[in-house]
Each structure stands twice: as structure tokens, then as C-alpha cells.
1. Once each part is reduced to its C-alpha centroid, what is the distance from the range C:16-72 to the range A:369-436 in angstrom?
2. Among the listed pairs B:Lys409/C:Lys263; A:Lys263/C:Lys263; B:Lys263/C:Lys409; A:Lys263/B:Lys365; A:Lys365/C:Lys52; A:Lys263/C:Lys409, which are separated by more than 29 Å between their Cα atoms?
3. So for the range C:116-271: antiparallel DSSP bridges make up what percent, rounded to the nearest 5?
4. With θ set to phi - 60°, apply the Karplus curve 6.51 cos²θ - 1.76 cosθ + 1.60 along the range B:240-245 and write out the HN-Hα couplings as whole Hz, x wherever there is a Gly or Pro.
5. Using the beta-carbon distance between C:Glu429 and C:Asp240 and R0 = 25 Å, what value does 1/(1 + (r/R0)^6) give for FRET efficiency, to the nearest 0.05?
6. Counting Lys +1, Arg +1, Asp -1, Glu -1, what net charge surrounds A:Leu430 among other residues with beta carbon under 13 Å of its beta carbon?
7. Charges at C-beta only: +1 for Lys and Arg, -1 for Asp and Glu. How large is the resulting dipole of chain B about its Cα centre, in Debye rounded to 20?
8. Order these peptides, B:207-220, A:168-181, C:71-84, by their mean beta-carbon neighbour count within 10 angstrom, highest first.
Amino acid sequence: MAAERLQDEAAADAAVAVTLELMEEMFPLCRSITGDGVRRTLDILGRVVPLKRSEVPSGTRAFDWDVPAEWSIRDAYVADSFGNRVIDFRAHNLHVLNYSAPIRQTMTLEELQPHLHSLPERPDAIPYRTSYYREQWGFCLRHRDRERLAPGRYEVVVDSQLRPGHLTYGECAITGSTPGEAIVYTHTCHPSLANDNLTGMAIAAVLAQAVGAGQPRLTWRFVFGPGTIGSLTWLSRNTDVLPRIVGGLVVGLLGDAAALTYKRSRRGNTATDRAASLVLQHDHPGARIIDFEPYGYDERQFCSPGFDLPIGRLTRSVNGGYAEYHTSADDLSLVRRDSLAESIRAAARIVSLIDRNRTPMSHVKGEPRLGKRGLYGDLGGSRPGEFEHALLWVLSLADGAHDLVAMAKRSGLRFELLDRACAALEQVELVRTIEAPSTVGERRQS
Amino acid sequence: MAAERLQDEAAADAAVAVTLELMEEMFPLCRSITGDGVRRTLDILGRVVPLKRSEVPSGTRAFDWDVPAEWSIRDAYVADSFGNRVIDFRAHNLHVLNYSAPIRQTMTLEELQPHLHSLPERPDAIPYRTSYYREQWGFCLRHRDRERLAPGRYEVVVDSQLRPGHLTYGECAITGSTPGEAIVYTHTCHPSLANDNLTGMAIAAVLAQAVGAGQPRLTWRFVFGPGTIGSLTWLSRNTDVLPRIVGGLVVGLLGDAAALTYKRSRRGNTATDRAASLVLQHDHPGARIIDFEPYGYDERQFCSPGFDLPIGRLTRSVNGGYAEYHTSADDLSLVRRDSLAESIRAAARIVSLIDRNRTPMSHVKGEPRLGKRGLYGDLGGSRPGEFEHALLWVLSLADGAHDLVAMAKRSGLRFELLDRACAALEQVELVRTIEAPSTVGERRQS
Amino acid sequence: MAAERLQDEAAADAAVAVTLELMEEMFPLCRSITGDGVRRTLDILGRVVPLKRSEVPSGTRAFDWDVPAEWSIRDAYVADSFGNRVIDFRAHNLHVLNYSAPIRQTMTLEELQPHLHSLPERPDAIPYRTSYYREQWGFCLRHRDRERLAPGRYEVVVDSQLRPGHLTYGECAITGSTPGEAIVYTHTCHPSLANDNLTGMAIAAVLAQAVGAGQPRLTWRFVFGPGTIGSLTWLSRNTDVLPRIVGGLVVGLLGDAAALTYKRSRRGNTATDRAASLVLQHDHPGARIIDFEPYGYDERQFCSPGFDLPIGRLTRSVNGGYAEYHTSADDLSLVRRDSLAESIRAAARIVSLIDRNRTPMSHVKGEPRLGKRGLYGDLGGSRPGEFEHALLWVLSLADGAHDLVAMAKRSGLRFELLDRACAALEQVELVRTIEAPSTVGERRQS
């Protein structure tokens, strides 16, 4: 599959350039879980990868949740008695509480204070705060600025609307040659924050582009939607797809300086977990593999016990794991070119392993005679080569209880070599792949 | 449940005072597997905790065993030709072989010797020896004294009786609010030995008192009976109870200086084992957790393959694990106040965890919306608190394969916090507890 | 069983002497996968152990393979224009490519070169090369000699025949007292190579002799046949035996200086694997236990997924694991007396453990009263002895899920002690052995 090519240095560099361009263009938009910011973001991503857009009406049920009213905002500010905007949405879209209800009122500083949010411990950063499900208004500002607010009366304006509309998400589905499916999900709801999550959106787009350029075995669905309500909405509208899902990733927070990190699925030993573990251990010394915990991004939904999908998360920092998290300091300067490149290479190989992974079965008793099929040297007595070893390993483990990822782990041979050996054995009909979505070897060692 | 309060320092101190009083009063009595020594011991314990007494007739079958004849003893001595008692039961009740047959005879030292038991390697200690199932007579004495016995004729008297009577045990059952049951068993058959097992009896009594002061979820049975034949007799008369047993402890040897020790059940991974492991690892640095072995006290019976109950043993020294074991040197001076206090706190928390442990199930797909149920903050963007984390963990693991003890282990959160989170989720009907005695996660990793 | 006696030093020394004699006599013969070299080898081994010989016609199907034409050879040489034999089969039978097609022709050195095999990196050793399944002719020689070959014409003669005949193997079956069976397989196809595999043949013979001198529980089949096609042929003719096989070993390469090595079966946790692990860990510090890999000798066939038998390999070096491997340097000087002795002792104890291993079941509830059956001391109070401990362990684990090997591992007691305890409990009918070939505890922890 074509995602593999992103492992080449040149291709990865080109992909990094694309992601940086996308991120710069997307950065200024005021995104939220609904609204035009998301639509304009999907327009930008859609230039790299074809996106089928879904508009889901407010009030639509998604399991225990409902799609909320759509939020739109034109302007927001707090002005002092001289008319100076002391807090101004136009200066930074984090200044308004995301999903803030409208208000237009004059009030004292004392009345205003309960609606202000700032970080005493980071006085120069504007915090990112939201209130999707309780209607309230508010502003976020640098603590240093807050302390300078003089007593007096202020004009407070949030020119927003909360009214029935839609939740918007985009999906790029690339049809595979076998019935299995896989998902890459990234959240689109954060406003001007760079690492969280312009990096995830841009990388998902270049991955989708690469996968689409080849012929994957699995059907791959790259979904760009808001956090929590977005994944739940997608899940509720794709219940027929779920039984066919054999792997996938939630991607996000992929550009900062923290170590590349894979967070296991809840089951902990799915094919995705094992594939990611191979990739990180072999190619990314210093990368971390961490256990599932229910705090995080959309892996929370995909891995909830009601779905329990084989989906992990590729990230660098975890939620709350870096000082700039959810503040205005998470800007484009935080994103490192080499971090992006490493994240892309790792994501591409994990996607490739998930795609190529399969469970071959042999029905021969004893070793088959490879020589008569042209797969083994003519001359006996010397040690067979690497490819012959790979053939022997695939045959030895072709018992229906080992997929190629398990074979790579047990043999110590590289996945791609075993993949080629398996293909050669399929060619001469010595093994046959079990096409059904496989959960082989996925029982959790609790 | 009220056992938790024994973890408070003040309450534990008060409990230690009670145990010390009980032990002093019980110490002089000549106990055995049957007889009035046991009855008087139960009288003393009965002042702390209400005991239902059972009297099981001699000859009653208990699986492969029979309740033996009842033993009573009034006096026993060996007197020299001047009438001086050179071995005297009245000086120490260990001097007579426990369950000794009666004898009244004059004999030479040579004839006497085969009936004497002493410890050359501990010449100042009287050994504790028994002969419950082969009728014989005998005396135990300090080796130093034995060596001083002059040749000559001796008057040998054991004024005992072995005749049909009863085996006596006491039980305090505290009815729980759910169908599950648990046992605490301690052996009552040892005569004037302090650590083994006045400590077990006294601690079981204060535990029972504490559990009885609250409303446990499980029905708790505190059983005070002789070793081996006592537990077998109890098991044979309670076969209807056994399928409902979800946990329990054998307690004994809890006052010496050795490290607090938990001996796993035979299965090794029962809820009791996992609960004890949490308690010892979190609260008792330096405590030991050891594997089951079939040499020990009544855990031998509860864990035999025919029952295989989820019952471990809380102890300090193991059998034979301290120099004073089964000798007159195991007296009240061996028992340390701080050891008792630590043992009580550990036992109380293990009992509490066994009692509160349960397996919640969720049937929601995806994360439920906690905010609308008042269980989550209104404002998004900052890291949720400890209680919110506990809610997420309980929901994430509420798949019927994890009990609260497993959740505590996997999440690293404190059991009591998860218990509160689970209760909150039960309250709003997001999880439902599987009430059937659970063996979730108990498969042994052999 | 009588194999145990080989663990005595004197018996092991005598066995070493026998193996050395056998090896010296077998060394000069030109063996191959078929032909008279094998027949004469079996004649020699047959003097130590009775061998039933099978002659399987060329063309007989063995799963994916066919028995090839039989190869016989009288002479082979390359002579220069003066008639001097510059390569001479009579000097060393490795000089001819094993299974070489006949040729009689004069040619230039240039024409000869593609048919010559030598080792530039080991210029003084003749390599061992074979071509069983592609008809070709060739010679093997020291690289140093090859470099001295002058341009010119050479007379090239291989006086061999490839025509329908038979594949020959020998088998010594010793009938056991229970339905289970076990195999020891060793390959007989290597010509004048000492460690690989005169050591395997000789040691299998002395093992068979020892087992035959006693009354084993299992039926033991010692099979002496060629590599790959030999084991496949045996398997294809013994499909009725396979379901009864509970253990076994492939033996070979047992005399060199490398550490004693056990290579696990493919399943990795069979009774054979666990028995070998006990033996090596207890008696052979420094020995290695390695995982299965599909490159090796006949364990490749026994452990292929179509059979998946509980058979490991006892070896010292692995294939290709020593510098002299498959060259004329693997001669008798490479074989060390102390290595042979250690290999024999280990093999004998592993065979003995496989044979004595069984799964006892108890149906008693609680501990049975051992005293009334004469199995426990009369006097209580002191720590029971080692044999009493072994009785308690066997009873405690007699749940049908533990065989004696598992009991030895879990208890830390010696297998032979548990075997005696089990026999004593069988005697008094407290346990009953499950006679069916057992796969207890053999699930692989992947």
C-alpha cells in the first residue's frame, strides 16, 4: 500500500511541507464542535484529500448524547468606559469562551469577574475554555491583563448565536480489496491551537492522500470531526461498519517536542497495538508505549466497553502533558519539523502494517517441499537465506492463531519480509489467508 | 462497612488494648481440639462478640475424618521416688502430650524415656506435642531438665479421659445486604501459646465486633474452631454456604516481630488475593506476599482441591517460621503491640475490600454524558479531577470482566475512591452491579 | 524406568565408552538419505539395540514429498592430465556432492569450476553439500587445494547410480504399561561428520538400551532415519500412533564444546518442554533453553502445525552454530568425552521425567487423613518431613490441571520425590492417574 512510501525520507519531507502549509492556513480559524470554522477547515483539508461532508442536524441522538445547537460567532469583546477593547475576540479567538452564549450588557468589573477565566500560574497565556452543554457566557484572558483591569463599568458583548443547525464532519473512505475496515480519526474542534490539533488534521490528510494513492487491502476511513460528540455521532451512523473494523488510530498532538507515544487500545493486545509496538520498538528508539486510560481524546469513545474497538492513539504529548496545552502558547512555533516528520513516518508504517496484516493458514502436514516450487535453493548443506527463513516462519506459524504481526514479533524478522514471504506462499497456494476480520491473539493479558 | 474504622489510629489502639486483655485471660487455659479449655476460651471471646456455639458429637463424620473422643485432663505429673514432681502439668500445661491417654504407673527412667519429648537444640523450652489420632501417653519437658533426671523409679500419672463427647466451635455470623458470603477462620486448639494462636483469636474477635457494628454487603462468618478437624467439621456442616463464598481469611500468628505476610489462596488470583495484594502493597511497605503451599493452618482445608475456596491467610511468621514456634517460649512476651496494631489495620482493610468489592456493568455505548447527571464539571478544557477520573475508569472497565479490585490495580487509583465513584454511577443507574458471587479475573496464571 | 540409572556417574561413563566405540566404527561410512551407508550404520547400531528395519520404496508419497531414487556410489574423482587424483572420494567421502549424479567426462578446469564447492573463509576444510532433489553432479574440496588447480584438462568421474530403490530407517519400540507413547528421533543421513550426527545416533542407541532394560510407563520409539524425508516418511506411516504421543526428543549434535541446549517445541509449554526445563535448570547450570524456530533438524517436521507434537530437541550447538559445522573439520577430535557424558545424563533424566509424568486426580474433599493410612507421623506439633510435604503437594495439586512436572515446578520439590509420593497415594487409592495422553497446562503463553 502506498502509505509505505511516506517512510522514505524525501517523501516524508514533502509531506511535512504540505502539513506545515495546511496548518498555517487553518490556524486563524475559530473552530468549535459545530459551525463555520469547521466547514472552512474541511474546505482547506479537502484540497489535499477528497472529503465527503456530513451535516448532522442539532438534536440528533448519538447514544447518550444529542447533537447540540450550532454555534456561530461574529464578534466578542469587553470594552472599558473609554470604548477601548480590553478583551477582544478579533485579537485572538481563544478570548471568548468557546460556545459562549450571546450577551450585550454593561456591568461592573465585579459583575464581570465570575465570567473571566485566566491562569495565575501562566500569566502570559490565554486559556482555552469551553462550555458546550451548559449555556453560559465568558471570556478567557492573560492573567497579567486581568490584573490590570481597573474597577469601573465595562461593555460586554458576545455577538454569537446558538440555534438549531448542524454538526459537520468530513470523511475520506478508500475502498480496500478485502472486507476488513480501519479508521483514522482526528478532532477538528479546537480553535487557534497548533499542536492540538492542527498537527493531527494535517497528518491525517497526508496519510489519507498516501493511502488513496495505492490499493489498500482494508477499506480505510479517515474521519475529521469534533471531539467526543463527533466520534459518537460517527459511531451512531456507522453501526454496520463496526463489526468489520480490524484496526485504526486516533491521531493528534503530533508536532511538539515530547517523545513519540502510542497509547494502547483498551484491550491492550489488539493487532493495532501489536503493530504499533513493532514499529515503535524497531524504528523509533526513545518512543513510549503507554497503557490505555479513559482520559484522552476520541479513543475514549472507540474503546468504551460498548464498542471496544481495536483502535489506539498516536500522539506525542498526552492530554495536559505539556505546559502550553490548551492555551494560546500552543501556537505554530511549538510545532517542530522533525517531530512532524517522525510522526508521519511512524503513522504511515503503522497504517501499512495494519493494512497488510493477515492470518495465513496452511493445511499441509509437515513442511512442504519449497524447492519444487522454486522457493528454496537447490543445494543443501549451507544455512538458508533470510527470505527462506521467513518462508519457514510463515509456514510454521500458519496455524490460524498467528497473524503476520505476531509472526514478526515471535520470529524477530521484519514485518515487510514476512509479508513478502506470505505473498509468495499465497501465490503457490501453500497458505490461504483467513479474510474474516481477525481477533487472533487479542485476548488481554490482564 | 464498619471494619474500615479500625484503620484509624485511635480505633486500632483501642482494638489492640482489647486483644491484649483477651489474650492475657485466655493464655493459662489448657486448650485442645476438644474439651473444656475450648469452651472456656469461647466464653471469654463471647464477651466481645456474640458467638453461636456448636457441639458436634464424637464420631461425627467430616469427609475423610471423624470427630475424635473428647479429651479432658485434671492433672499429670512424673514424680521421683521422694514424691517430688519433676514434671508437672500444673506448672505448665505444655508438659503433658496434648490428648495424652491416661496412665498411672511406676516405672524406671528407661521405661519412661520413650514417652518424653524435649528439644536438644532449645534446651530451655518445653515443646508442644500432640497425638490426637493415635492413643498414647507422654510428657514434654525442657531438655535441660530431662538431662537431670536421675536413674531410678518414677511415678507416672496422667489423669485424663478420652471418651465420647463433643467438638466445640463458635461462630459469629453477620448478615449482609447481598447474597455473597465470606469467612474469617482462626484456630482455637493451641494451649498456652501466645502468638500461635491467641493473637488470631483476639484479632478475629475485634474484627467481628467491627464488622457487626456496620452493615456489610456480604454475610460474614467468623469461626473459632480447632485446627484441621474444626475447619473440616465446619465445612461438612455448611456445604450449602460454600457456593456463596466470595472471599475470606484464615488469621493467626499475628503478633510476632516477623513481617506482615499474606499467603495466597491455592488459586492465587482470587478477589481475596488481589485485595490483600493491594492493601499490603499500598499500606504496608515491607510486607510479604507468598504463594500458597499445602503446609500451614486451616487454609489447607479451605483451599484443598475439593473446595478450592477464595480464602488466603493473613499471618506474620509462617508455621515453623520463628524460633519459639510450638514451644513454651511462645508466650505473651513474644507479642508486640505494634505488630498487633499493624495486623489489625491490614486485616480490617482487606476485610473491607472483600466486602465492598463488586463487578459493575454498563450497557451504555460510548461514554455517557456525566455532566447532565451532575457528575462532571460544567467547564471544559482543563484536566478533570480525581473523582471524575475514577468515574471514567469505572465506566471504562464496567464490562463485566473487572471487579473494583481489578480496577484499582489497573488504574492505580485507591479502591475507596473507585468504590465511591461506582456508588455514584449506581445511583444514576449508569452501572448495575452483578450480584452473583463473582470469580471474575480469577483464572490462575500458572 | 531404567533410563534413570544413566544418571549414575559409573553408568554414564560406561555409556560414554559405548558411544565412542560406536562412533569410531560408524565414522568412515558414506551415509546419505538412502543407500547402503545407512544400512551398514544400522547394522552397527543394531548390535547395541534391537532395530526393526523399514525399507520404503522410491516414489512412496510422504505428505508433500516423495521418497527419491536410491543413491549408491562406488568411486568418484577428478584426475589431472598425469592421471593424479586431485580430488578423491576414497580420501574423504565429503569430496563428492552427496547424491551426485554420475558423470564420466574429460573437461577443462573452466568447465569443471561451476561444479566445485569450497569455502574461501575456511580454506582447509572440505564442505558438506547435498543435492537430493535436483539431479546434478559436483565435488567439494578444500579451498586451498582448489586454488592450486592448474588450467588444463581433467578427467571427471562420479561412479554413482540413482535408481529406484528404498529409503531405510530403523526403529526400536519398547512397549509401555500405559497407552501413551513417546519418540526419540535422530538423523542418520550425514556421512563422515562426527558431532553431526554420530553423537545423536550413538546416544539414542544407549538411551534405547537403558529404557529397554526397564519397564517404562510409555511406549518408547527410538527412530534412526534420514533428516526431513525420514521423519516425514515415519510420520506418514505412523498416523495411528500420533494421537498417543505425549512427549519426545530429537537428539543430535551432542558432543561438541557448546553449552547443553534444549530447543522448545513449537507450542513451547508442552510436558516435554517443562520436563526439560526442570532437568536443565536443576542439574545443568550453564545449559541454555531456547525457543522453537523452524530452522533445524527433524523437530521442524514433528512441530510443523499439521502435527504440532510435544517434541523438543536436545542438542549442544544449533545448526550452523559452530565453525566446523558441515565440514570435514567436524571429525572425531571435535567430540568431547565430558560433553557426551553430560548430554547422556540430561537426555536420560528428561526421558525418565517424560515417562514418569502423569496427572493424578483426587476426589476427596479436604485433606485426607494420611495418618490412618500409615503415610504420616503419629506425633503432631513438629514440622513434617520432606516426603510428607511431597504428599501434601501432590494432594493439593491433584485437581486434574497439574501433572507431576507442573507440581515439581510449583512446589520446588524434586520430581523423583513427587513421583514416589504420587505412587504412595495411588497405592492407598487417594489419587487416580488420568491415563489419557494429557495436554494439561500446555497452552502457550504467546
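1. 31
2. B:Lys409/C:Lys263; A:Lys263/C:Lys263; A:Lys263/C:Lys409
3. Of those bridges, close to 25 percent are antiparallel.
4. After applying 6.51 cos²θ - 1.76 cosθ + 1.60, I find 5, 6, 3, x, 8, 6 Hz.
5. 0.15
6. Local charge sum for A:Leu430: +1.
7. 880
8. B:207-220, A:168-181, C:71-84
Every number in this text was worked out from the coordinates using simple rules, so none of it is lab data. Everything quoted here is computed from the prediction, not taken from an experiment. Don't worry about glycine lacking a Cβ; one is built from the backbone with ideal geometry, like all the others, and counts go over all protein chains shown.
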